[in-house]
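Okay, structure first, notes after.
The values are calculated or read from the model by the stated rules, or taken from the named source; none is laboratory data. Predicted, not measured: the structure shown is a model, and the values here were computed from it. Glycine also receives a Cβ, built like all others from the backbone with ideal geometry; neighbour counts cover every protein chain displayed.
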Amino acid sequence: MKSKMNQLISAALTTSLLAACSPVAGPLLSAQNNPALLNRQSASAPASKIFNTDSRAKVIPNQAIVKVRNAQGFLQTLSRSSARAVESFDLDTRVYLVESTNRNTEDLVRQFSQDPNVEFAQPNYFISIAQSIPPAPRGNGRPAVAAPNDPLFEQQWHLPHVGALDAWNASMGNSDLLVSVVDTGVDYNHPDLKANTIKGKDFTKESADGLDPIDSFGHGTHVAGIIAAVANNGIGVSGAAPNVKVLAVKVLSAKGGGSLFAIAGGIKHSVDMGAKIVNLSLGGPAVTDLISSAVGYWATKKGALLIAAAGNSNTAVGTPARIDDYYMAVAASDQQNKRAKFSCYGKELSVSAPGVQIMATTPTYKVPLNDYGYAQNYAFLQGTSMATPLVSGIAALVWSRHPEWTAKQVRQHLEKTAIDVGAPGKDNESGYGIVSAAAALR
């Protein structure tokens, strides 16, 4: 057991962490209707590192995640272990975050893995959303049919590219369909998001009562806007499913990171709140991850569709997206329908979606994201973090039109109607192909 545990922790410390976004734009224009200035500023902005200058995965010291078979028996063991349970939630049986001041993670995992009251024990990994990747390729996507009156819509090349305008003839989403954004929180007062955002919980402890999922980094607001920014309101941008609701669930802090335990709790909370789709524009290394498997199994059994970013390290798909029985892994493509140079790849991929130079909402107040060349209100970002909510939005359109379908049927339909762009059939570069809103809503 000790040798296996050493290998697990060693892999965690040496495997590249998933990247979620990268700068392609400097400060945006204050006047939204000046695309020439917007493009000029975007083109001149340098690439930069965002928070995670060390791209290796990290184990949170002195902690372990423990899923139990018998809570009473485990708590008796725990009372004799020089450790304590600091948080917990239910996934059929209880899941505990265990912490010790004088015992390391390897020691805790080894002990609890041998306890017959325990289903599994694993390290609690630190998960980050960002690291440095090259700037996005330039492109000029333009709508081919009538567009909404949102002034930055013409900068949203990704929507006409996947046929969103045609899809909207069939559905712009149902207001009773809930898509959870498990991320850094959401600026729920943003004028392009306020009408479509419901507050969930904060799992980062940045709010005293855990009930304020306000975005303290900037990433989650961008993700939410890609899904459900209000259309035809005369400001900003449009989401892919502009009539659905997003549930703001905060699991990543102002430093751009969080833990697997918090993310699992956020997924559980999302499903408990009625989310049909859970968007996970985050991830960690390609290592054994039993807690993400457990919560994925539980959420899938409850009928939810989990859609996760493949990662931006140009390596193997990371966790949780690599757990393809329960998570729909999304790669990023560019304007030429090629795999974005940063996007992760592998047999686990489900579909791809545009993920470079994606215009969407950012917080209306200052956040750390602004310190790295991104504007308040609206900005271009890139990454599989941006491709993933586009797939979530299209899934929301499909489910709005076919509310009787199961999550499995929605996923299979998106895969079946994707545009095959690589080797014939499913491949390791794009999965089943580029997701198509137009084909999926026909």
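On the basis of being assigned to a loop (DSSP other than H, G, I, E, B), over 26 Å from ASP272 (Cβ atoms) and in the same structural domain as THR221 (by TED's automatic domain parsing), does VAL351 make the cut? So VAL351 does not fit the description; no.
Condition check: over 18 Å from GLN376 (Cα atoms), small (Gly, Ala, Ser) and either crowded, with 24+ Cβ neighbours inside 10 Å or assigned by TED's automatic domain parsing to the domain that holds SER88 (or both). Does GLY218 satisfy that? Spell out the reasoning first.
Numbers: over 18 Å from GLN376 (Cα atoms): no; small (Gly, Ala, Ser): yes; either crowded, with 24+ Cβ neighbours inside 10 Å or assigned by TED's automatic domain parsing to the domain that holds SER88 (or both): yes.
Here the answer is no, as GLY218 does not meet what is asked.
Specify which of the listed residues (GLN335, GLN382) is of a type in the set (S, T, N, Q), in contact with a strand residue (DSSP E or B) (Cβ under 8 Å, 6 or more places away or on another chain), within 29 Å of GLY425 (Cα to Cα) and surrounded by 24 or more Cβ atoms within 10 Å (Cβ to Cβ). Show your work before the answer.
Details: GLN335 fails: surrounded by 24 or more Cβ atoms within 10 Å (Cβ to Cβ).
Residue meeting the stated conditions: GLN382.
Restrict the check to the stretch 254-264 and report whether at least one residue is in contact with a helix residue (DSSP H, G or I) (Cβ under 9 Å, 6 or more places away or on another chain), over 27 Å from ASN370 (Cα atoms) and of a type outside the set (Phe, Trp, Tyr). Yes: one or more hits.
Every listed requirement among (1) buried (at least 24 other Cβ atoms within 10 Å of the Cβ); (2) in contact with a helix residue (DSSP H, G or I) (Cβ under 6 Å, 6 or more places away or on another chain) is met by ASP289 save one, (2).
Yes or no, residue by residue, for (1) farther than 23 Å from THR406 by Cβ; (2) outside the structural domain of GLY431 (by TED's automatic domain parsing); (3) touching a Pro at 6+ places or on another chain (Cβ under 9 Å):
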{"residue": "VAL271", "(1), (2), (3)": "no, no, no"}
{"residue": "LEU306", "(1), (2), (3)": "no, no, yes"}
{"residue": "ASN312", "(1), (2), (3)": "yes, no, no"}
{"residue": "CYS344", "(1), (2), (3)": "yes, no, no"}
{"residue": "GLN376", "(1), (2), (3)": "yes, no, yes"}
{"residue": "ALA379", "(1), (2), (3)": "yes, no, yes"}
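Note down all Cβ pairs under 6 Å where the first residue falls in the stretch 266-291 and is closer than 18 Å to HIS219 by Cα, the second is surrounded by fewer than 24 Cβ atoms within 10 Å (Cβ to Cβ), and they're at least six residues apart or on different chains. Sorted first by the residue in the stretch 266-291, then by its partner, the pairs are VAL278/ALA304. Scanning the stretch 236-256 for residues that are within 19 Å of ASP212 (Cβ to Cβ) and either crowded, with 24+ Cβ neighbours inside 10 Å or not polar (S, T, N, Q) (or both) yields LYS245, VAL246, LEU247, ALA248, VAL249, LYS250, VAL251, LEU252, ALA254, LYS255, GLY256. The residue that is nearest to SER216 (Cα to Cα), counting only those in the stretch 358-375 that are modelled with pLDDT under 95 and buried (at least 24 other Cβ atoms within 10 Å of the Cβ), is LEU369. Scanning the stretch 170-197 for residues that are free of Cβ contacts under 8 Å to residues at least 60 places away in the same chain and surrounded by fewer than 21 Cβ atoms within 10 Å (Cβ to Cβ) turns up LYS194, ALA195. Scanning the stretch 419-435 for residues that are in a loop (DSSP other than H, G, I, E, B) and either closer than 17 Å to LEU390 by Cα or not assigned by TED's automatic domain parsing to the domain that holds GLY346 (or both) returns SER430, TYR432, GLY433, VAL435.
Scoring ALA136 on the criteria (1) crowded, with 22+ Cβ neighbours inside 10 Å; (2) in the same structural domain as ALA240 (by TED's automatic domain parsing); (3) modelled with pLDDT of 95 or more leaves a single failure, condition (3).
Looking across the stretch 245-277, the residues that are assigned to a loop (DSSP other than H, G, I, E, B) and out of contact with any Gly (no Cβ under 8 Å at 6 or more places or on another chain) come down to SER253, ALA254, LYS255, GLY256, GLY274, ALA275.
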